[in-house]
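Some notes on the structure that comes next.
Every number in this text was worked out from the coordinates using simple rules, so none of it is lab data. Keep in mind that what you see is a predicted model, and the values were worked out from it rather than measured. As a convention, Cβ positions derive from the backbone with ideal geometry for all residues, glycine included, and neighbour counts pool all protein chains shown.
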Amino acid sequence: METPKHRLESIDQFRGFAIVTMVLANFTSGIHTIPAWLHHAPDVGLTLPDLVAPFFIFAIGLTYGLSMQQRANRDGWVKTLEHSFCRFMAILGIGSLMITIGLAYLNDPTMINWGVLQSIGVAGLMTVLVIRLPTLWRLGVGAVVLGGYQVLLDRYWVDVTIRSPHGGLQGALAWGAMLILSTVLADLFHDVARGCKVYPWASLAVLALGVGLAFLFPVSKHRVSSSYVIVTLGVSALVFWGFHLLNEGLRVRVPLLSAWGQNPLLLYLLHYIGIGLFFLPGVPALYTNAPLWVVGLELALLLAALSWIAWRLQRSGYIFSL
């Protein structure tokens, strides 16, 4: 995370936007009355919720290298790498615990114990290994990992990744490639001398490459296909650029998103408690089969509660981090 000296509100707001969309997508995922375009695509295809996890991955990538460099300047690279390793192992462990609790409640032995936090944890660990490499080397590593994953996916892994949330352990390779490539675009953005001029065009080029790949490999979040990774990486980079232009160019700010963006992990964990309040009673009319007006009311209550918590944490100066 950036120090206050280097902190950009546009990054906080984009991170806040990412976690808000994640809350919305997770809440509506179990509701049958929600239109199909507000659910994840069942396999091939791209819907709005399919963009949510890439938003968050890209938000991590935006500050990954900068944060590690600042910590290394203070503590040295050995301690910094140890801290990053422990941090992402903790995220992986928290994700495993949450999924295990969910599986125990649902009592469904056919489900695969994997979730978004585990994917983020593995992606973070992969990026730790290469973050000190020059930008072009990281670009090469990300491309090779993603290309290798696509080959293995087509030959061996399609069935298991489709059945696994976020592609399972195999799909984590693709999420790792996405995070590594996100740090490459982040390097361009943070290069004040020339990068900011190149960044939007590079983001457009990434999106165009992803569209081209879609003719060879189907876009699929469940498979975490290479075309999905590149398309959503380009979209995420451009959405962030929009936030940056609004904040730094037009001085348009949304302070509440900044508050969300300063404690994303804590708010992510807390939102599951909110979802549980509606889901655990086991009343279909309250959650799974709830009419849209009930869904809207419940979402408003959940977002209001989390926004109040985010605002109070910001006012107190508290930032939850691992």
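Things to note:
- Listed residues I230, I180, I273, most fluctuating in the chain (Gaussian network, C-alpha, under 10 Å): I273
- In the range 137-276, a dipole from Cβ-located charges (positive for Lys and Arg, negative for Asp and Glu) runs towards its positive end, and of I162, A208, W175 it is A208 whose Cα lies farthest in that direction.
- Amide H contacts under 5 Å for S220, placed H, 5+ residues apart: G45, S225, Y228
- For chymotrypsin sites (Phe, Trp or Tyr not before Pro), no site in the range 116-188 is both called loop by DSSP and has at most 11 other Cβ atoms within 10 Å.
- Contact order for the chain, expressed relative to its length and based on alpha carbon pairs under 8 Å spaced 6+ residues apart, stands at 26 percent.
- Most mobile listed residue (G140, G16, G95) in the chain, GNM with C-alpha springs under 10 Å: G140
- Filtered trypsin sites (Lys or Arg not before Pro), the range 160-224: DSSP coil and at most 11 other beta carbons within 10 Å: R194
- With the gyration tensor restricted to C-alpha atoms of the chain, the semi-axes of the equivalent ellipsoid amount to 29, 25, 20 Å, longest first.
- Hz values of 3J(HN,Hα) by residue in the range 203-208 - Karplus curve (6.51, -1.76, 1.60), Gly and Pro given as x: 5, 4, 5, 4, 4, 5
- Taking the helices alone, the chain has a mean residue ellipticity at 222 nm of -23500 deg cm²/dmol, built from -39,500 (n - 2.57) per DSSP H run of at least 4 residues and averaged over all its residues.
- Packing-based ranking, highest mean first, of 297-308, 27-38 given that Cβ atoms within 10 Å are counted: 297-308, 27-38
- Nonlocal amide H pairs with D191, under 5 Å, H built at 1.01 Å: C196
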